[in-house]
Amino acid sequence: MAAGGTGERRGLAPSLPLAAERRRFPRPRAAWRGGMAGERAAGLVRELHRAGGGNLPPFRAEGLRQALEEMRALYERNQADVSEAKSGRTDLIFLIRFRHCCLLRNQRCVLAYLYDRLLRIRALRWEYGSVLPNTIHFHMSAEEVEWFNRYKKSLATYMRSVGGEEGLDLTQDIKPPKSLYIEVRCLRDYGEFEIDDGTTVLLKKNSQHFLPRWKCEHLIRQGVLEHILS
Amino acid sequence: MAAASGEGTEGDSDGGSEELVLTPAQLIRSLEQAWLNEKFAPELLESKPEIIECVVEQLDHMEANLKRAKRGDLKVSIHRMEIERIRYVLSSYLRCRLVKIEKFFPHVLEKEKSRAEGDPSILSPEEFAFAKEYMANTETYLRNVALKHMPPNLQKVSLLKSVPKPNLDSFVFLRVLERQENILVEPETDEQREYTIDLEEGSQHLIRYKTIAPLVASGAVQLI
């Protein structure tokens, strides 16, 4: 490798013949074949970032697998080169360091991808409740579903421990209460429903009522009633 | 509110170190103060188990009173609205704390672990259990899905270093409740020098959180 040889050069030559250029800067051994290192991992992060607004795109298991595979391969190349470097080839040290940087970047991208998805899944519990719609469920990996279930359970335990006997459902009362009575529409047949002053209301599908809010809340949660916002 | 709840409630009903007797109005005011402070502070503040316990007791008390009340009484609606409002403030306060616990979970747990014996706790026992479970859940997930498939020298990740810390340098608005003297204000630019100010009672300021953090804890200022 002709890394030296600066003695030949005097001042700035306007153009060096290509062959001489190649002699001066020989092509380094490719650190990674098949594209720029860290591309797949960065791609995962980019795609997730593009699906903004808290949406959960499908889990890219294949992309993750490829990024991990790349890390494994980089590490193996480094292992080989480290032993060579130890036996004299100190010129490989830059390459080893470069591969190590790629490894770190891959690790960072992969973890960022997974962690950001967890944050979005966490937000789903607060928005949709305990049972997630099927469309979202499809976008989650099995491990993510497991994480979600454990989070749900942990949250439920905490909410039960606060606020007396029944606990305090913190996923309710998200907005300050504006009025005592609310306009609701019935989404499915429920039957008779008694309100405070003894009167009963028949909840049939598509009927509309003006009911006290605290009575309706649990029915709204169950999906029997729908709050009509004018 | 006094009509529905009757007499004033005790502070620590389980006979804590201080028997504070607060009227319901004072109790709700301290709940609101804790709520506002928690909302505007960048970090997780001290937990206030006594306030929460008393408010919950108060709410139960009011609900029970309402059940006994005459039907169609106008007061019922008003007290009902009061209950809803108080419940909203309490829920919002606890939610705010949970959000911060989840956001800064390694730092919160670390702070609690390295707490000195007499210092007040920032986590209630239930919050502590929740935080620990959250950390274990997340660590296990990351380890099983990614870390254990990575090269041996990259399998450990320090969550304490990777998860961002709360930004204590963010600016907050505050109102002064007790007069403070000689608060040191750090310089913003190279040309300025640090100077001290006195905080007059009732005045309002916009200042870095870090400078006045202890004053929030002691109740000398209120974040707005």
Considering Cα pairs under 8 angstrom that are at least six residues apart, work out the relative contact order of chain B and quote it in whole percent.
20
P(r) histogram, all alpha-carbon pairs of the protein assembly as shown included - 10 Å bins from 0, percent
3, 14, 20, 20, 17, 12, 7, 4, 2, 1, 0
Which of the residue pairs B:103/B:165; A:153/B:165; B:39/B:165; A:175/B:39; B:132/B:210 have a Cα-Cα distance greater than 20 Å in the structure shown?
A:153/B:165; B:132/B:210
Pairwise label distance in nanometres, residue B:204 with residue B:171, each label 7 Å out on the Cα-Cβ vector
1.4
Length gain on complete extension for the stretch residue A:61 to residue A:47, per 0.36 nm per residue less the alpha carbon to alpha carbon distance?
3.7 nm
Once you place label points 7 Å from the Cα toward the Cβ at residue A:228 and residue B:29, how far apart are they in nm?
4.3
Shielding of A:61-71 by partner chains, average beta-carbon count, 10 Å
2
What ranking, highest mean first, results for peptides B:192-202, A:38-48, A:118-128 when packing means the other Cβ atoms within 10 Å averaged over each residue?
A:38-48, A:118-128, B:192-202
For chain B, the longest principal axis of the Cα atoms and the Cα long axis of helix B:209-218 enclose an angle in degrees, to the nearest 10, of 40
Could you state the number of Å between the C-alpha centres of region A:52-100 and region B:74-139?
41
What percent of all Cα-Cα pairs in region B:145-208 falls into each 5 Å bin, going from 0 up to the bin containing the maximum distance?
4, 12, 14, 16, 10, 8, 7, 6, 6, 7, 7, 3
For B:67, A:153, which order do you get if you count the other beta carbons within 10 Å of each Cβ and list the fewest first?
B:67, A:153
Computed over region B:22-62, Kirkwood Rh from alpha-carbon pairs, angstrom
10.8
Can you give me the distance in nm between label points at residue B:126 and residue A:89, each placed 7 Å from the Cα along the Cα-to-Cβ direction?
6.3
Across all directions of projection, what mean area in square nanometres is found for the Cα convex hull of region A:64-219?
15.0
Of the peptides B:89-99, B:146-156, how do they stack up when ordered by the mean number of other Cβ atoms within 10 Å, highest first?
B:89-99, B:146-156
Grab the beta carbon distance between residue A:171 and residue B:39, set R0 = 22 Å, and tell me the FRET efficiency rounded to 0.05.
0.75
How high is the relative contact order of region B:82-213, in percent, with contacts defined as C-alpha pairs under 8 Å that are six or more residues apart?
19
Farthest toward the dipole's positive end in the protein assembly as shown, which of B:209, A:151, A:225, given Cβ charges of +1 (Lys, Arg) and -1 (Asp, Glu) about the Cα centre?
A:151
Among A:63, A:209, A:163, which residue has its Cα furthest toward the positive end of the charge dipole of the protein assembly as shown, with +1 on Lys/Arg Cβ and -1 on Asp/Glu Cβ?
A:63
Rounded to the nearest 0.05, what FRET efficiency do residue B:153 and residue B:178 give with R0 = 60 Å and r taken as the Cβ-Cβ distance? Could you check?
0.65
Percent breakdown of C-alpha pair distances by 10 Å bin, ordered from the shortest bin, for region B:73-126
20, 33, 22, 15, 9, 1
Rg/Rh (Cα only; Kirkwood hydrodynamic radius) as it applies to region A:120-184
1.06
Kirkwood Rh over Cα pairs of region B:95-174 into Stokes-Einstein at 37 °C, 0.692 mPa s: D in µm²/s?
228
Where in region A:102-131 is the amide nitrogen less than 12 Å from a point lying 7 Å along the Cα-to-Cβ axis of residue A:139?
A:117-118, A:120-124
Set Lys and Arg Cβ to +1 and Asp and Glu Cβ to -1, take the dipole of region B:29-141 about its Cα centre, and tell me which of B:120, B:86, B:45 lies farthest positive.
B:86
In a Gaussian network model of chain B with springs linking alpha carbons closer than 10 Å, the residue among B:183, B:122, B:51 that fluctuates most is B:183
Take peptide A:44-54, look around each residue's Cβ out to 10 angstrom, count Cβ atoms belonging to other protein chains, and average those counts.
0
If you take each beta carbon of peptide B:82-89 and count the beta carbons of other chains within 10 angstrom, what is the mean?
4
Give the whole-number value, in cubic angstrom per residue, of the convex hull volume spanned by the C-alpha atoms of chain B.
185
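A short reminder: the numbers here are calculations on the coordinates, not readings from a lab. Quick caveat, the model's predicted, so the values are computed rather than measured. Note that each Cβ is placed from the backbone with ideal geometry, even for glycine, and that neighbours are counted across all protein chains shown.
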